[in-house]
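Working notes, beginning with the structure itself.
The values are calculated or read from the model by the stated rules, or taken from the named source; none is laboratory data. Computed from a predicted structure; not experimentally measured. Here the Cβ positions follow ideal geometry from the backbone for every residue, glycine too, while neighbour counts run over all protein chains shown. Accessible surface is based on the protein model in full, side chains and every heavy atom, while ligands, DNA and RNA are left aside. Shrake-Rupley method; radii C 1.70, N 1.55, O 1.52, S 1.80 Å.
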Amino acid sequence: MAANASVVDGLPFTDDKKKYILEQLDPILEEMVSDVLTEVPAQPLEFMVSWLRKRSGLSAVGEQMSLSAKNKALKQELKQIKHSIEEAGQAMGAHQDEEEEEEDDDDECDEIPESFKKPEGQMNRARQSVSAEAYGQWNQKKAFTPPSYAKTDDQKDRLTKTLLKSFMFSSLEKKDMETILMAMEEVKIKAGEKVITEGDDGDFLFVIETGSLECIKVIDGSPKVVKTCEVGDVFGELALLYNCPRAASVVAKGECVCWKLDRESFNHIVKESAAKKRNQYENFLKSVSLISSIDAYERSQIADALIPETFKKGDVIVRQDEAGDKFYIVEEGQLYAKKGEDRVMDYKSGDYFGELALLKNQPRAASVVVESAEAKVLSMSRLSFSKMLGPLTSLLSRQATTYK
């Protein structure tokens, strides 16, 4: 006892607490420390907790029973919560049905005050604007039959070439392009004639086949020419895209031939086609390893910049030693790359090629040939490649070192 008393000498405790340490705590601590030093566990704290549980007589089975009981109680609580949510949902649905019935009754008996009514001439136009933004049953798509204006083969050929110069129409599918081709109406404009007036509502866009027109905007009280539209340019599209008044007046510099397209055809075909193309390509780009890591906004920008191209078996998409100005992603089909007569790489859906010539500004390092009966690729111009994939340049460069 005297030897052990030295352990508590100098501690600021009363004699009875020092006796408790020597007779009760010290034997337990000595035994535990001895076992810790014998086992030398990687997690000493967990070992000591477990040791104390065993020393106190708490069995592992008892602990498991406790956890099992807790899990059972939690499951029961979750079940009750789920039942409560379902009951609340049913109650809300019934309440909503009652409100809808009341609203229907209100619609039948309420009249719009005269002060809130618009002039008769504005009613149809305003209704169209609102319906474009509505949801639910009010936003159901109506059956649409585009207009069709007779054209000679020469007119069709001229208009097709003109439309292909515009980014807005160049990516249309063949069927949609033919529909738009027939829906456009030829307009001959005299020199000095005003085609669009700033501030007016717009129901048409125009594509220029011949001639040039000036866009004039009133700035600081004076009309100023802000842009000149040439052959192949589109003007008047902003009012259709954003449902806003004309941003500027457009006046012919000389005699012009234009093709005009109405708002409804534009919304149903061009606008829809662009949205459909974006969704299709965005989903596809998620499977492209290079692009899947970027955020949704950047991916949508890349989708807008892609141009679909179709090739047949044996077609050479890029040729070795020629200058390169496009980057390609394989959408469908099988292709292979060859240097001379040696086959060096295979490509499938989701793979990409053509980046070396753009990254290093050098001729194509290999030829790429279509192996399947048909192949669809998505191409991107040098300018779009530099702009859209700039942040991925280092990744592309590292990947390039793995090529043969």
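Filter segment 12-53 down to residues that are open to solvent by less than 70 Å² (accessible area, probe 1.4 Å) and assigned to a helix (DSSP H, G or I), then give me how many there are.
Selection size over segment 12-53: 15.
Considering every residue within segment 320-331, establish whether at least one is in contact with a Leu (Cβ under 9 Å, 6 or more places away or on another chain) and part of a helix (DSSP H, G or I).
Scanning segment 320-331 turns up no residue that is in contact with a Leu (Cβ under 9 Å, 6 or more places away or on another chain) and part of a helix (DSSP H, G or I).
Condition check: farther than 23 Å from THR160 by Cβ, modelled with pLDDT of 90 or more and loosely packed, with under 15 Cβ neighbours inside 10 Å. Does LYS224 satisfy that?
Taking the combined requirement at face value, the residue satisfies it.
Residue-by-condition table, conditions (1) in contact with a Ser or Thr (Cβ under 6 Å, 6 or more places away or on another chain); (2) modelled with pLDDT of 90 or more; (3) farther than 17 Å from GLY350 by Cα; (4) basic (Lys, Arg):
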site	(1), (2), (3), (4)
VAL234	yes, no, yes, no
VAL251	no, yes, yes, no
HIS268	no, no, yes, no
VAL288	no, no, no, no
GLY314	no, yes, yes, no
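Can you confirm whether ALA183 is closer than 25 Å to PRO245 by Cα, at pLDDT 90 or above and aliphatic (A, V, I, L, M)?
Spelling it out, ALA183 is indeed closer than 25 Å to PRO245 by Cα, at pLDDT 90 or above and aliphatic (A, V, I, L, M).
Here is a check on your reading of the model: is GLU282 assigned to a helix (DSSP H, G or I) and either without any contact (Cβ under 8 Å) to a residue 40 or more places away in the chain or of a type outside the set (D, E, K, R) (or both)?
Spelling it out, GLU282 is indeed assigned to a helix (DSSP H, G or I) and either without any contact (Cβ under 8 Å) to a residue 40 or more places away in the chain or of a type outside the set (D, E, K, R) (or both).
Go through segment 170-222 residue by residue and tally those that are touching a Leu at 6+ places or on another chain (Cβ under 6 Å) and of a type in the set (Ser, Thr, Tyr).
Residues flagged as touching a Leu at 6+ places or on another chain (Cβ under 6 Å) and of a type in the set (Ser, Thr, Tyr) within segment 170-222 amount to 1.
Search segment 327-345 for residues that are crowded, with 19+ Cβ neighbours inside 10 Å and pair each with any residue that is of a type in the set (Phe, Trp, Tyr) when their beta-carbon atoms are under 6 Å apart and the residues are at least 6 apart or on different chains.
These pairs meet every condition: PHE327/PHE385; TYR328/PHE353; ILE329/TYR352; VAL330/TYR347; LEU335/TYR347.
So, VAL316, is that one loosely packed, with under 15 Cβ neighbours inside 10 Å, more than 22 Å from PHE169 (Cα to Cα), out of contact with any His (no Cβ under 9 Å at 6 or more places or on another chain) and in contact (Cβ under 8 Å) with a residue 40 or more places away in the chain or not?
Yes: the conditions hold for VAL316.
What do you reckon, is LEU261 aliphatic (A, V, I, L, M), under 23 Å from the mean Cα position of the chain (by Cα) and open to solvent by less than 60 Å² (accessible area, probe 1.4 Å)?
no
Does segment 351-362 contain any residue that is open to solvent by less than 30 Å² (accessible area, probe 1.4 Å), at pLDDT 95 or above and outside any strand (DSSP E or B)?
no
For segment 331-368, which positions are in contact with a Lys or Arg (Cβ under 8 Å, 6 or more places away or on another chain) and of a type in the set (Asp, Glu)?
The answer is GLU331, GLU332.
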